[in-house]
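Enquirer: Here you go, one structure.
The values are calculated or read from the model by the stated rules, or taken from the named source; none is laboratory data. Please read these numbers as outputs of a predicted model, since none were measured by experiment. With ideal geometry, Cβ positions are generated from the backbone for all residues, glycine too; neighbour counts draw on all protein chains shown. Heavy atoms of the whole protein, side chains included, go into the accessibility calculation; ligands, DNA and RNA do not. Shrake-Rupley method; radii C 1.70, N 1.55, O 1.52, S 1.80 Å.
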Amino acid sequence: MSSSTVEISFNISTFLLQWATGGLFYLWVTTRRRVVPVGWGWVLRGVYGAIALLALVLGLRSGAERVGAA
């Protein structure tokens, strides 16, 4: 049997950014037709906005490369 190892790189800023994007998409879908109250929409905007801001700060601190950087 051959043994192969797969290396997976985990970047917390990418994870948080994906989480915030998914949350904001969920928010957009549910607030289009007023499925959730306006106040709850603002709470979720604040939470997912803070997660996106945290992702940005962590990404800049870790020295992550920009997409398309040569």
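Enquirer: Just one of 4, 62, 9, 13 is modelled with pLDDT of 85 or more and hydroxyl-bearing (Ser, Thr, Tyr); which is it? Give the derivation first.
Expert: On the way: 4 fails: modelled with pLDDT of 85 or more; 62 fails: modelled with pLDDT of 85 or more; 9 fails: modelled with pLDDT of 85 or more.
Exactly one residue qualifies, and that residue is 13.
Enquirer: Also, quick follow-up: Suppose the filter is more than 23 Å from residue 10 (Cβ to Cβ) and open to solvent by less than 80 Å² (accessible area, probe 1.4 Å); does residue 43 pass it?
Expert: Values: more than 23 Å from residue 10 (Cβ to Cβ): yes; open to solvent by less than 80 Å² (accessible area, probe 1.4 Å): yes.
Answer is yes for this residue.
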